[in-house]
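The values are calculated or read from the model by the stated rules, or taken from the named source; none is laboratory data. Predicted model only: the values in this text are computed from it and were never measured. Methodologically, a virtual Cβ is constructed for each residue, glycine included, from the backbone with ideal geometry; neighbour enumeration extends over all protein chains shown. Side chains included, ligands, DNA and RNA excluded: accessible areas come from the protein's heavy atoms. Shrake-Rupley method; radii C 1.70, N 1.55, O 1.52, S 1.80 Å.
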Amino acid sequence: MLERGLNNQRVRQLNRQALLRLVWRYKRLSKSQFSQHTGLSIPAVSKILQELVEEGKLSHSSENLSSRGMNSGSYQIPPQGDYILCMNVTPRSIESQLCDAQLSALGDFERQPIEAPTPKALLAAIEAVWHRQRQRWPRKTLHLALGVHGQVDPGTGVSQTMPQAPWREPVEIKYLLEEKLGIKVKVDNDCVMLALAEKWQNPFNRKDFCVINVDYGVGSSFVINGQIYRGSLNGSGQIGHTIINPDGLPCDCGRYGCLETVASLSALKKQARIWLKSQPQSGQDPDSITSAQLIEAWHRGDEQVIRWVEDAANAIGFSLDSFLNILNINQIWLYGRSCGFGSRWLEAIKQRIGFNPFDHSDGVNRNATQINFGQLTRSQQVMGIGYLYAEAALEGEN
């Protein structure tokens with residue numbers, strides 16, 4: 001059932017938002033489907049839908065979505081709107097997926113390796129991808145939605161820190177690209193991108209859940225009561241900087257013994273390089289070790305790699321155990337290249353977590369703790385950042 005306010009105007013506002021949220025999630029719905037999802041009567045739904053169509057926020061199609069009953073057609077976000085080019089951006093690669101006005105994928109998902117030694121080079125690489133798509137769709141306006149590694153201010157669109165980059169100064173990505181290209185640009189953290197992808201494209205999510213990205217670093221993003229939680233300094237979800245060992249290795253954040261120094265792929269590759277330098281007879285160049293080689297060695301049963309990876313999984317489990325009890329978020333989705341270590345790695349994380357003292361369900365009901373690999377494709381993950389535009393449209397209803 002929908003939330004009811006204290007007056008009719010607030011109730012109507014909430015009902016409008018609910019119908020628009022459903023359209024962004026399901027793309028196209030009939031009146032009866034709106035009614036089923038919301039609990040509102042068909043006449044109430046019809047009145048709100050007519051209002052949204054008249055305002056240009058929805059469009060009506062005569063296509064019937066049901067073989068039963070009268071044909072009242074279906075409703076959708078107007079398809080003639082501007083397109084959104086979604087990107088996941090690092091100094092080493094740009095992944096991109098073009099979406100139409102309804103945030104449905106257009107064309108193929110693309111990944112392009114780049115070399116960006118400076119902020120100017122990174123912006124030029126982003127512009128090049130945009131111009132390539134612009135040539136394919138010369139009559140369409142293509143706005144940008146960018147997921148960026150590190151700390152981002154989503155309001156100003158400033159990349160405040162980008163750990164993979166050789167530079168340390170903030171980069172005004174939003175302002176510079178809007179000024180240069182004459183389009184709208186939205187920017188947020190790459191873990192927020194994953195959380196938005198899960199929120200809008202996975203119908204089985206709870207209102208409270210978390211995504212963990214174990215890749216170059218270890219990042220996370222929380223969704224609480226259906227909303228992305230960023231914190232006042234946009235630093236929420238920095239699980240990678242949970243201190244595991246105060247006397248541990250130095251971290252890029254300036255502290256010592258953070259989770260990233262033990263559990264990230266960059267930390268594992270560093271361990272492998274140090275070990276290989278002590279084993280000159282191996283014949284392998286320590287500086288050439290890759291994440292794919294580590295994952296392959298794990299599956300092959302290499303004893304050294306097994307020990308490192310199990311230590312990493314234990315550290316992740318330890319950190320998750322702490323915030324499971326503090327925040328009581330019992331649905332966690334794991335993403336990132338470390339997921340290539342597979343089910344054995346996942347089970348090691350779960351074993352370290354143990355159990356949630358507030359979970360008395362014995363794993364039977366739907367609220368039992370769930371920690372699993374995310375199931376969205378990489379294209380869907382990158383499309384998640386495009387939902388910044390959907391959420392901005394919904395905020396306009398407030």
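Observations on the structure shown:
- Residue within region 184-192 that is open to solvent by less than 20 Å² (accessible area, probe 1.4 Å), of a type in the set (S, T, N, Q) and without any contact (Cβ under 8 Å) to a residue 60 or more places away in the chain present: no
- Qualifying residue in region 35-56 (condition: buried (at least 19 other Cβ atoms within 10 Å of the Cβ), touching a residue at least 24 places away in the same chain (Cβ under 8 Å) and touching an Asp or Glu at 6+ places or on another chain (Cβ under 7 Å)): no
- Any hit, region 144-153, residues being over 20 Å from the mean Cα position of the chain (by Cα) and more than 17 Å from E95 (Cα to Cα): no
- S61 open to solvent by 40 Å² or more (accessible area, probe 1.4 Å), at pLDDT below 95 and more than 16 Å from Q13 (Cα to Cα): no
- Residues located in region 14-56, provided they are more than 14 Å from S74 (Cα to Cα) and within 28 Å of the chain's Cα centre (by Cα): L14, N15, R16, Q17, A18, R21, R25, H37, T38
- Out of I84, I77, sole residue that is in contact with a Cys (Cβ under 6 Å, 6 or more places away or on another chain) and either open to solvent by less than 60 Å² (accessible area, probe 1.4 Å) or on the phi < 0 side of the Ramachandran plot (or both): I84
- The one condition in (1) of a type outside the set (V, I, T); (2) open to solvent by 50 Å² or more (accessible area, probe 1.4 Å); (3) without any contact (Cβ under 8 Å) to a residue 40 or more places away in the chain that A105 fails to fulfil: (3)
- All of S361, S288, S338, S319 fail the test of being modelled with pLDDT under 95, buried (at least 17 other Cβ atoms within 10 Å of the Cβ) and among the polar types (S, T, N, Q), apart from S319.
- Region 322-335, residues that are at pLDDT below 95 and of a type outside the set (A, V, I, L, M, F, W, C): S322, N325, N328, N330, Q331
- Annotation note: of E115, E179, the sole residue that is open to solvent by 70 Å² or more (accessible area, probe 1.4 Å) and part of a helix (DSSP H, G or I) is E179.
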